[in-house]
Amino acid sequence: MQESPTTEMAAVMPAIFFGHGSPGNVLESNQATKMWARLGAEFPTPKGIICVSAHWYTQGVGVTASKNPKTIHDFGGFPPAMYEMQYPAPGSPELAQKVVSILSEEGAVLDDSWGFDHGAWCVLKKVYPKADVPLVQLSIHSGQPPSFHFKLGEKLAKLRQEGYLIIGSGNIVHNLSVMDWGGRNSSFDWATRFGNYIREAIVNDQPESVIKYPTFGPEANQSVPHPDHFLPLLYVLGARLEQDSVRFESNYVEYGSLDMTTVVLS
């Protein structure tokens, strides 16, 4: 847990983990997307956004450095309208350099090849539809353990006190191989139990239980068969400040194995 700032408390931005679910949510007005829009209006406009998306899962720690990052359509089988969508938010070389400096010990580097993948823009198109807030993405280093990602969040926490919004985009439970496509409003028992375990650990400020999520047993493996969608949560929990309150939004599961929970620390 980070030390709380002593001044300018009103300027402190939240840290938010978005359960982003299907990219197709960007076309819908549903419980989750309405809440995303509400969050955008609830807090002051940030100076910039640092986004950790499940969909930039690679080797090393990269930070998007372009002034005008491209919109990446990294999905298949959706309506043509989705491939025409753009999210022309400006990049921020200044913020990117700031992030690289903070994470220098972890080997962070500027990256001009990546843009805004759907884990970022399909959510932010609802939160900040005008695409007028500077945005940088931080990659997930696939070769590092969960504790590494939590530590990066701890180091980035200071940026919240400078007016920057830190977000993670993924899902607490994300198992596409067993999804019940006929039951959008359904949850497998194991998915419910694992989600409740993680939410309870967050409420009790027990990040170690989240970092060591595999110790929950076989249901953790069912819920997180691959870590890419789970790890963004650890950046947000690492960025938690002492005075933060916690709340869960869109606390439900879709298609049996897709937990849509959004975690707001503010």
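General remarks:
- Residues being free of Cβ contacts under 8 Å to residues at least 40 places away in the same chain and not charged (D, E, K, R) - total across the range 130-188: 3
- A single member of Leu176, Leu110 is in contact with a Gly (Cβ under 9 Å, 6 or more places away or on another chain), open to solvent by 20 Å² or more (accessible area, probe 1.4 Å) and within 21 Å of Tyr57 (Cβ to Cβ), and it is Leu110.
- Tabulated pairs, the range 72-86, first hydroxyl-bearing (Ser, Thr, Tyr), second surrounded by 10 or more Cβ atoms within 10 Å (Cβ to Cβ), C-beta under 6 angstrom, 6+ apart or interchain: Tyr83/His73
- Matching helices (runs of 4 or more DSSP H) fully within the range 1-106 where at least 2 residues are out of contact with any Lys or Arg (no Cβ under 7 Å at 6 or more places or on another chain), open to solvent by 40 Å² or more (accessible area, probe 1.4 Å) and of a type in the set (Gly, Ala, Ser): none
- Against the conditions (1) β-branched (Val, Ile, Thr); (2) touching a helix residue (DSSP H, G or I) at 6+ places or on another chain (Cβ under 9 Å); (3) closer than 20 Å to Pro14 by Cβ, Val253 satisfies every one except (3).
Results for (1) assigned to a helix (DSSP H, G or I); (2) open to solvent by less than 70 Å² (accessible area, probe 1.4 Å); (3) on the phi > 0 side of the Ramachandran plot, shown as yes or no for each residue.
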residue	(1), (2), (3)
Ala157	yes, yes, no
Arg160	yes, yes, no
Ile166	no, yes, no
Ser169	no, yes, no
Gly182	no, no, no
Asn185	no, no, no
Trp190	yes, yes, no
Gly195	yes, yes, no
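- Conditions (1) buried (at least 20 other Cβ atoms within 10 Å of the Cβ); (2) out of contact with any helix residue (DSSP H, G or I) (no Cβ under 9 Å at 6 or more places or on another chain): number failed by Leu231: (2)
- Any hit, the range 16-36, residues being basic (Lys, Arg) and more than 20 Å from Asn171 (Cβ to Cβ): no
- Number of the exception - Lys151 against (1) touching a Gly at 6+ places or on another chain (Cβ under 9 Å); (2) open to solvent by less than 30 Å² (accessible area, probe 1.4 Å): (2)
- Within the range 201-216, residues that are under 16 Å from Glu242 (Cα atoms) have Cβ atoms under 7 Å from residues that are open to solvent by 70 Å² or more (accessible area, probe 1.4 Å) and modelled with pLDDT under 95 in these pairs: Asp205/Met1, counting only partners at least 6 apart in sequence or on another chain.
- Flag: Lys158 matches the condition of being within 24 Å of Ile202 (Cβ to Cβ) and at pLDDT 95 or above.
- Which listed residue is small (Gly, Ala, Ser) and free of Cβ contacts under 8 Å to residues at least 40 places away in the same chain, from Ser92, Ser101: Ser101
- Within the range 236-252, the residues that satisfy the criterion of being open to solvent by 20 Å² or more (accessible area, probe 1.4 Å) and part of a strand (DSSP E or B) are Val246, Arg247, Phe248, Glu249.
- Unique match (being over 17 Å from the mean Cα position of the chain (by Cα) and more than 20 Å from Glu249 (Cβ to Cβ)) among Ser101, Ser29: Ser101
The values are calculated or read from the model by the stated rules, or taken from the named source; none is laboratory data. Remember, it's a predicted structure, so these values are computed and weren't measured experimentally. Cβ atoms come from the backbone with ideal geometry, glycine included; neighbour counts cover every protein chain shown. Ligands, DNA and RNA are excluded from the accessible area calculation, which covers all protein heavy atoms including side chains. Shrake-Rupley method; radii C 1.70, N 1.55, O 1.52, S 1.80 Å.
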